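What follows is calculated from the coordinates using simple rules that are stated; it is not laboratory data. Just so it is clear, the structure is predicted and the values come from calculations on it, not from any experiment. All Cβ positions, glycine included, derive from the backbone under ideal geometry; neighbour counts span all protein chains shown.
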2 protein chains.
Amino acid sequence: MAQKPSIPKGTRDFSPEEMAKRNYIFDTIKSVYKTYGFQPIETPAMENLSTLLGKYGEEGDKLLFKILNSGDFTSGADASEFNSDRANVLSTKICEKGLRYDLTVPFARYVVQHQNEITFPFKRYQIQPVWRADRPQKGRYREFFQCDADVIGSKSLLNEVELVQIIDTAFNKFGINVLIKINNRKILSGIAEVIGHPDKLIDITVAIDKIDKIGLDAVNAELEGRGIEHSAIEKLQPIITLSGTTESKLEKLREVLSTSEVGMKGIEELAIIFGYLATLNITQEVELDLSLARGLNYYTGAIFEVKSKDTEIGSICGGGRYDDLTGIFGLKDVSGVGISFGADRIYDVLNTLNKYPENSMVGTQLLFINFGKAEELFCLPVMASLRAQGVAVEIYPESAKMKKQMDYANKRNIPFVAIVGENEMQKQVVSLKNMITGEQQEVPVGELIAHLPR
Amino acid sequence: MAQKPSIPKGTRDFSPEEMAKRNYIFDTIKSVYKTYGFQPIETPAMENLSTLLGKYGEEGDKLLFKILNSGDFTSGADASEFNSDRANVLSTKICEKGLRYDLTVPFARYVVQHQNEITFPFKRYQIQPVWRADRPQKGRYREFFQCDADVIGSKSLLNEVELVQIIDTAFNKFGINVLIKINNRKILSGIAEVIGHPDKLIDITVAIDKIDKIGLDAVNAELEGRGIEHSAIEKLQPIITLSGTTESKLEKLREVLSTSEVGMKGIEELAIIFGYLATLNITQEVELDLSLARGLNYYTGAIFEVKSKDTEIGSICGGGRYDDLTGIFGLKDVSGVGISFGADRIYDVLNTLNKYPENSMVGTQLLFINFGKAEELFCLPVMASLRAQGVAVEIYPESAKMKKQMDYANKRNIPFVAIVGENEMQKQVVSLKNMITGEQQEVPVGELIAHLPR
């Protein structure tokens with residue numbers, strides 16, 4: 001039976017060309033993480049649902065992919081529960097496991113589970129796919145990779161500084177101009193406190209977050225709609241419209257938030273971070289941005305977000321400090337700070353700007369044309385020697401027509417072709433053809449490697 | 001609420017140390033695949049169940065992890081179907097997707113789906129996890145990685161030859177002594193044909209496999225017990241007791257199978273493969289082994305299996321040729337041949353033999369001891385310069401007690417520590433301590449890199 005093959009919506013196959021680009025992105029990020037002493041870990045694709053449920057809000061729970069129990073999954077429930085009203089309850093009775101939704105909760109689980117084996121402060125990176133049953137749309141997938149780095153078990157602001165250095169270095173390597181936005185959740189708490197609405201922190205940050213999209217008037221209207229009175233909104237105005245240098249912004253904030261202990265603490269944290277950054281060679285633009293709130297509720301200190309300056313693609317990296325991530329799993333008072341690169345969006349930015357380095361795209365460097373058995377027996381040892389030196393070479397597996405073999409080299413973007421016939425075998429040479437220039441020359445087999453790009 | 005954190009049975013977390021070992025394995029395999037012109041692809045973790053079901057036999061269908069449909073999953077079925085007798089039927093009504101069970105079926109699906117974009121012959125490698133709801137036991141996991149390489153769209157036996165070269169090279173790089181066993185499914189078919197029992201193929205190979213363990217008499221008794229008559233068992237004797245060089249084995253087989261067209265074809269294929277291999281520098285032992293059948297039914301030509309000679313760990317690599325893998329998805333007559341490295345078992349072999357190269361295990365090379373803010377400001381630019389040259393360095397994030405910082409370096413196996421106090425800052429040097437020898441020397445900051453291992 002022939003089936004028309006397809007894959008689930010929101011998922012993707014990655015072709016060799018796409019893999020080369022993606023590997024370039026992942027390898028670049030990894031190489032930077034490593035130079036800062038971050039170590040890789042991996043966690044299983046499946047976590048117990050008890051680990052995942054309740055960690056991402058009600059919306060998040062609905063977006064978890066649940067895995068049906070093996071064998072007789074009906075044993076945990078009964079037929080009377082099988083109706084649409086109770087689908088959510090029933091699902092947790094017939095499913096014990098789910099696919100990971102992000103790398104943060106599995107990491108928290110990992111740290112608690114392995115706390116006795118871990119040397120703290122623990123600097124880990126993790127690059128793995130996550131799955132969300134979101135409605136697929138342009139740039140949003142149901143399976144996508146996250147590239148996280150976190151330091152856990154250290155409150156030092158040096159960690160924040162190093163994460164900014166990592167962001168700076170990575171985007172320099174990519175050749176992408178970015179704006180690195182920094183804020184501090186404590187400042188946002190201070191603002192809520194000063195205007196007399198500590199309970200409205202989320203409402204305020206959500207509103208401030210929209211300033212770029214909907215403008216000041218709409219933000220003010222929204223704040224009013226959320227039950228914040230006029231006088232409090234008044235007090236917010238200098239903060240929402242804050243501008244100037246980082247130093248002057250911090251100065252203004254010190255005035256406005258002088259009565260808020262938490263607010264002043266946030267300002268001091270940022271002052272220290274920006275102080276260190278000023279002594280380092282940060283080449284990308286770094287900006288204090290009070291409108292930066294980010295969705296996640298667990299941030300308690302610094303917040304980071306990175307935007308590409310030369311494209312309209314949104315946030316391509318983000319993160320922040322959280323003071324009690326592992327508490328949900330029973331390990332209290334372990335502070336952490338981390339960032340996450342958005343590989344899919346960086347991919348889009350690099351495609352838009354056409355910034356992939358050429359050498360990251362080359363696979364096979366040399367194709368031996370196949371003229372038959374005698375020639376194969378001549379070529380194979382030559383190829384083995386090149387391969388032993390790390391060169392990627394192929395021989396066309398059949399003595400097909402020359403045109404077919406050359407077509408194969410062209411379609412595969414193989415830059416060099418080796419033509420070996422009777423004449424070449426006798427002279428112990430190879431006719432080496434440059435597929436881009438069309439140039440062809442005889443090269444002794446022992447000197448082949450010197451003629452190939454490394 | 002504090003939960004005791006755990007992961008689903010049969011799954012694993014990988015610590016930094018385990019990741020370093022696993023990455024060494026994957027990177028080695030990848031590097032060999034690449035030098036032979038294989039290109040990477042990746043497919044989604046989730047496939048449509050219609051792609052997976054019926055491809056792995058009845059047992060395999062039961063071992064698929066199924067993913068509950070999002071939203072109201074009950075809409076596709078009704079309560080009367082919710083009972084244990086019909087659990088299997090019901091599961092396909094409430095689940096459309098499943099986790100991939102291997103890389104072969106998704107690859108076949110990929111080739112058919114993307115046939116118009118692919119340049120054939122298509123040499124692809126794929127290293128991704130697969131999931132099976134098997135009963136977990138020592139060395140058997142519910143999530144594990146496969147490392148496959150296949151050539152599809154070429155019937156040339158050169159492909160088989162290159163796959164043996166790849167196996168040889170990879171295990172040479174690992175430093176593992178292996179026995180590479182080769183057989184051909186056509187020869188097995190020929191044997192079954194000649195003795196008049198085409199249906200008893202598996203019984204015969206199982207019997208041949210036991211010759212070394214239980215002896216000829218017991219093997220013959222077993223064949224009789226499986227309903228093979230005396231005259232047929234007689235005919236099998238020269239095959240079961242086949243020994244000597246590959247050449248003499250093939251000669252004997254030519255006699256015994258002279259009346260079987262398919263058998264003679266299999267012999268000629270093997271003769272060609274062994275002929276090529278003899279001209280190449282294969283250093284691992286390669287053997288024609290008629291007992292080699294492998295579980296999968298789709299092999300139609302060469303069959304490979306690799307065993308470690310110095311450990312009791314079973315098969316660590318295997319593969320073969322299949323003539324119609326993509327037929328199930330509607331693309332007929334596309335022949336392929338492939339191999340798969342068993343990363344988990346190679347991991348066990350390398351652990352048993354303690355064969356990991358030391359440099360693959362080093363993460364951070366140098367830890368800067370933290371004595372406070374002034375020293376931090378001195379060290380950070382020095383560190384940035386080292387990192388820009390690719391060296392992995394860290395600074396302890398707090399000015400904790402010296403002992404605590406040195407303990408951190410020891411536990412992390414960081415080979416060098418940099419001590420920078422007031423004296424060192426004035427002289428623009430670093431006191432570099434070798435953590436293994438205990439040796440300590442002053443090194444000018446500009447010369448640090450020369451003192452670190454690359």
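Let me check I've understood the local charge: for B:Phe144, count other residues with C-beta under 9 angstrom from its C-beta, Lys and Arg +1, Asp and Glu -1. What total comes out?
In short, +2.
What spacing in nm lies between the two simple spin-label points modelled at B:Ala388 and A:Ala221, each 7 Å away from Cα in the Cβ direction?
5.1
What residue of chain B sits with its beta carbon nearest the rotation axis taking B to A, and at what distance in whole Å?
B:Phe82, 2
Taking amide hydrogens as modeled 1.01 Å from N in the peptide plane, which residues meet the under 5 Å criterion relative to B:Phe65, leaving out close sequence neighbours?
B:Leu99, B:Ala133
7 Å along Cα→Cβ for the label point: how many nanometres lie between B:Leu179 and each equivalent label in the other copies, listed shortest first?
When each copy's label point is compared with this one, the spacings are 6.8 nm.
Just how large is the dipole of the protein assembly as shown about the Cα centre, in debye to the nearest 20, putting +1 at every Lys and Arg Cβ and -1 at every Asp and Glu Cβ?
Roughly 140 debye, rounded to the nearest 20.
Between beta-carbons, use under 11 Å as the cut-off and find the net charge around B:Leu63, counting Lys and Arg +1, Asp and Glu -1.
Once all neighbours under 11 Å are counted, the net charge is 0.
Of B:Ile7, B:Thr104, B:Tyr396, which is farthest towards the positive pole of chain B's charge dipole, taken about the Cα centre with +1 and -1 on the beta-carbons of Lys, Arg and Asp, Glu respectively?
The Cα lying farthest towards the positive end belongs to B:Tyr396.
Could you state the number of Å between the C-alpha centres of segment A:166-214 and segment A:371-441?
57
Sequence-distant or interchain residues sharing an amide H contact under 5 Å with B:Ile176, placed H: which?
none
At A:Asn88 and A:Lys138, where each label point lies 7 Å from the Cα along Cα→Cβ, what is the point-to-point distance in nanometres?
Spacing of the two 7 Å Cα→Cβ label points: 3.2 nm.
What are the label-to-label distances in nm, one decimal and shortest first, from B:Ala221 to the same spot in the other copies, with labels 7 Å along Cα to Cβ?
9.3
Can you pull the one-decimal nm distance between simple spin-label points at B:Asn434 and B:Glu251, each 7 Å off the Cα toward Cβ?
About 6.0 nm, to one decimal.
From the label point of A:Leu63, set 7 Å along Cα to the beta carbon, how far off in nm is each other copy's matching point, shortest first?
In nanometres, ordered from closest: 3.4.
Rank-order B:152-163, B:364-375 by packing density, defined as the average count of other C-beta atoms within 10 Å over each peptide's residues, highest first.
B:152-163, B:364-375
Under a Cβ-Cβ cut-off of 14 Å, what is the net charge of the residues other than B:Glu81 that fall near it, where Lys and Arg count +1 and Asp and Glu count -1?
-3
Taking amide H atoms as placed 1.01 Å from N in the peptide plane, list the residues 5 or more away in sequence, or in a different chain, whose amide H sits under 5 Å from that of A:Gly54.
Residues meeting the criterion, in which the H sits 1.01 Å from N, are A:Asp61.
Can you pull the mean other chain C-beta count within 10 Å for peptide B:154-161?
Mean partner-chain Cβ count within 10 Å for B:154-161: 4.
Whole-Hz ³J(HN,Hα) for each residue in segment B:312-318, computed from phi via Karplus 6.51 cos²θ - 1.76 cosθ + 1.60 with θ = phi - 60°, x for glycine and proline: what do you get?
8, 6, x, 5, 10, 6, x
Output wanted: per-residue J couplings in Hz (rounded whole) for segment B:130-142, from phi through Karplus 6.51 cos²θ - 1.76 cosθ + 1.60, θ = phi - 60°, x for Gly and Pro.
Going residue by residue, I get 10, 10, 9, 7, 6, 5, x, 7, 3, x, 10, 10, 8 Hz, with x marking Gly and Pro.
So for each of A:130-136, B:274-280, B:64-70, A:309-315 I average, over its residues, the number of other beta carbons within 10 Å; can you give me the resulting order with the highest mean first?
By packing density, highest mean first, the sequence is B:64-70, A:130-136, B:274-280, A:309-315.
Starting from the Cα of A:Lys4, move 7 Å in the Cα-to-Cβ direction to define the label point; list residues of segment B:86-114 whose amide nitrogen is under 14 Å from there.
In segment B:86-114, the label zone of A:Lys4 (backbone N under 14 Å from the point 7 Å along Cα→Cβ) covers B:113.
Across segment B:36-52, in residue order, what do the Karplus-derived ³J(HN,Hα) couplings come to in whole Hz, using 6.51 cos²θ - 1.76 cosθ + 1.60 with θ = phi - 60° and x for Gly and Pro?
In residue order, the calculated couplings are 9, x, 6, 10, x, 10, 9, 10, x, 4, 9, 10, 4, 4, 4, 6, 8 Hz.
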